[in-house]
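> First, the structure itself, so that you have it in front of you.
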Amino acid sequence: MTETLSTRVTELLGVRYPIIQAPMGWIARAQLASAVSEAGGLGIIETSSGDLPAVRDEILKMRDLTDKPFGVNIAMLFVRDPGIVDFVVDQGVRFVTTSAGDPTKYTQQLKEAGLTVFHVVPTLATARKAVDAGVDGLVVEGGEGGGFKNPRDVASMVLLPLVCSHVDVPVIAAGGICDGRSMAAAFALGAEGVQMGTRMVSAAESPVHDNWKTAILAAAETDTVFLNRYSRPGLRALRTERSTRLEREDHVGMEEFGTILDLYFGGDMEASLALGGQVMGRIDEVKPVARVIEETVAEFYDVAARLGRFVAPVTADQ
Ligand SMILES: Cc1cc2nc3c(=O)[nH]c(=O)nc-3n(C[C@H](O)[C@H](O)[C@H](O)COP(=O)(O)O)c2cc1C
């Protein structure tokens, strides 16, 4: 069968499918990212853990595990090393997403070094600012997604068509996507690629403790909380006793992340905050990444074909 899922995103990234694995501190490392790249999507390595020697090792591991393209994320909120751009450029990566910060800060330097740069945006104003800063594309992230968020969150259903009708650069949709049905919806709204976060936390190759994966499978669509609605940084996480207690606090500081690695890898779900999106209500099985991607692509074609039967009637004066 001829592959027809080519978009400006697949062309820019050199991948088979426009399906990107979200960057996630400690989680988006070689074990998960190489499985995604090998399956035809794009794996991304995180830097938000701040542990750059570990990140360097993970990038080396990526090169052993796959010869396919992959990217790196710079989440500005977590940058501790002022030399982060040089660090990323020195690793020889070709694709970077920048997030949680001002797009004018790193774009020029990354572009001058020859990298392809997408910036993550939660609003139309930030999308315009990123385009003006010279990015190659945008990751447009709806407020239903997991992780750090603009406190004035806007759902993908509104944000995607809004941004896509005002910019010309290719858009990767993030927030609420876990399968072909949601991917087709994102394409209908103007996206040319999708990024999955929560779906990838719960993938077989994700390194997190099984307790976290099981909690995602058990969660309903109502089982996330939005913290710091009237403060910063906003964030969406799994509903637990800890996050429910914090939900009504005026300000939740970073110290509330407690001992994050005890949750991520020790499985103590009350030790920290388990970032995750509303889409966890649609995830009910731990699957290998290759199956997630295969099934997403098959279902995407299926939905596109079903929609293709709606053809505008020809009227007499046409
Ligand atoms: C556990 C977790 C950690 C995340 N860490 C980052 C990060 O370091 N950098 C970033 O740009 N986005 C981060 N995000 C947001 C994701 O990149 C992605 O855009 C979001 O998860 C998409 O929504 P979804 O969860 O509905 O798929 C994180 C999300 C989760 C669930």
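> For segment 182-201, how many residues are within 14 Å of the ligand (Cβ to nearest atom) and surrounded by fewer than 24 Cβ atoms within 10 Å (Cβ to Cβ)?
To start, the set of residues in segment 182-201 that are within 14 Å of the ligand (Cβ to nearest atom) comprises 182-183, 185-186, 191, 193-201.
From what's left, surrounded by fewer than 24 Cβ atoms within 10 Å (Cβ to Cβ): 182, 185.
Of the residues in that region, 2 qualify.
> Only one residue in Ala100, Ala127 is under 18 Å from Pro233 (Cα atoms) and hydrophobic (A, V, I, L, M, F, W, C), so which one is that? Step through it out loud before you land on a result.
Numbers: Ala127 fails: under 18 Å from Pro233 (Cα atoms).
None of the others qualify; the one that does is Ala100.
> Tell me, please, whether a residue that is at pLDDT below 95, surrounded by fewer than 18 Cβ atoms within 10 Å (Cβ to Cβ), more than 11 Å from the ligand (Cβ to nearest atom) and of a type outside the set (Gly, Ala, Ser) can be found in segment 258-268.
First pass over segment 258-268, keeping only residues at pLDDT below 95: 258-259.
Filter once more, keeping what is surrounded by fewer than 18 Cβ atoms within 10 Å (Cβ to Cβ): 258-259.
Those left that are additionally more than 11 Å from the ligand (Cβ to nearest atom): 258-259.
Narrowing further to those that are of a type outside the set (Gly, Ala, Ser): 259.
Scanning segment 258-268, I find at least one residue that is at pLDDT below 95, surrounded by fewer than 18 Cβ atoms within 10 Å (Cβ to Cβ), more than 11 Å from the ligand (Cβ to nearest atom) and of a type outside the set (Gly, Ala, Ser), so the answer is yes.
> Kindly state which helices (runs of 4 or more DSSP H) lie completely within segment 181-273 and contain at least 3 residues that are over 22 Å from the mean Cα position of the chain (by Cα).
Working: elements: 198-201, 210-218, 241-246, 260-264.
Hits in segment 181-273: 241-246.
> Can you tell which of Ser156, Ser99, Ser165 is more than 14 Å from the ligand (Cβ to nearest atom), under 18 Å from Val194 (Cα atoms), polar (S, T, N, Q) and modelled with pLDDT of 95 or more?
After ruling out the rest, the residue left standing is Ser165.
> State which residue is surrounded by the most Cβ atoms within 10 Å (Cβ to Cβ) when the search covers only segment 202-212 and only residues that are of a type outside the set (A, V, I, L, M) and away from the ligand (no atom under 12 Å from the Cβ). If you could, list the steps in order and put the result at the bottom.
Quick first cut of segment 202-212, residues of a type outside the set (A, V, I, L, M) only: 202, 205-207, 209-212.
Okay, now just the ones that are also away from the ligand (no atom under 12 Å from the Cβ), so 205, 209-211.
Values: Glu205: 22, His209: 19, Asp210: 9, Asn211: 13.
Within segment 202-212, the match that is surrounded by the most Cβ atoms within 10 Å (Cβ to Cβ) is Glu205.
> Right, next: Which members of segment 281-293 meet the condition of being in contact with a strand residue (DSSP E or B) (Cβ under 7 Å, 6 or more places away or on another chain) and either closer than 24 Å to Arg232 by Cβ or in a loop (DSSP other than H, G, I, E, B) (or both)?
Here is the first cut: in segment 281-293, the residues in contact with a strand residue (DSSP E or B) (Cβ under 7 Å, 6 or more places away or on another chain) are 293.
If the condition is that a residue be in contact with a strand residue (DSSP E or B) (Cβ under 7 Å, 6 or more places away or on another chain) and either closer than 24 Å to Arg232 by Cβ or in a loop (DSSP other than H, G, I, E, B) (or both), then no residue fits.
> From Lys129, Lys111, Lys149, grab the single residue that is touching a residue at least 12 places away in the same chain (Cβ under 8 Å), touching a Ser or Thr at 6+ places or on another chain (Cβ under 9 Å) and basic (Lys, Arg). Before you say what the answer is, go through the steps one by one.
Numbers: Lys111 fails: touching a Ser or Thr at 6+ places or on another chain (Cβ under 9 Å); Lys149 fails: touching a Ser or Thr at 6+ places or on another chain (Cβ under 9 Å).
After ruling out the rest, the residue left standing is Lys129.
> Here is a further query. Can you find even one residue in segment 197-212 that is free of Cβ contacts under 8 Å to residues at least 60 places away in the same chain and touching a strand residue (DSSP E or B) at 6+ places or on another chain (Cβ under 9 Å)?
No.
> What's the number of the condition Ile177 fails, among (1) among the β-branched types (Val, Ile, Thr); (2) part of a loop (DSSP other than H, G, I, E, B); (3) surrounded by fewer than 24 Cβ atoms within 10 Å (Cβ to Cβ)?
The one condition Ile177 does not meet is (3).
Here's the yes/no breakdown for (1) under 15 Å from Gly92 (Cα atoms); (2) among the basic types (Lys, Arg); (3) within 13 Å of the ligand (Cβ to nearest atom):
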{"site": "Leu5", "(1), (2), (3)": "no, no, no"}
{"site": "Val9", "(1), (2), (3)": "no, no, no"}
{"site": "Leu13", "(1), (2), (3)": "yes, no, no"}
{"site": "Arg16", "(1), (2), (3)": "no, yes, no"}
{"site": "Trp26", "(1), (2), (3)": "no, no, yes"}
{"site": "Arg29", "(1), (2), (3)": "no, yes, yes"}
{"site": "Glu38", "(1), (2), (3)": "no, no, no"}
{"site": "Leu60", "(1), (2), (3)": "yes, no, no"}
{"site": "Asp67", "(1), (2), (3)": "yes, no, no"}
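> Is there any pair with a first residue in segment 24-49 that is closer than 18 Å to Glu295 by Cβ and touching a residue at least 40 places away in the same chain (Cβ under 8 Å) and a second that is of a type in the set (S, T, N, Q) and within 15 Å of the ligand (Cβ to nearest atom) whose Cβ atoms are under 6 Å apart and which are 6 or more apart or on different chains, and what are they?
Cβ pairs passing all conditions: Leu32/Ser206; Val36/Gln21.
The values are calculated or read from the model by the stated rules, or taken from the named source; none is laboratory data. Fair warning: this is a prediction, and the values are worked out from it, not measured in the lab. FYI the Cβ positions are ideal-geometry reconstructions off the backbone, even for glycines, and counts take in every protein chain you see.
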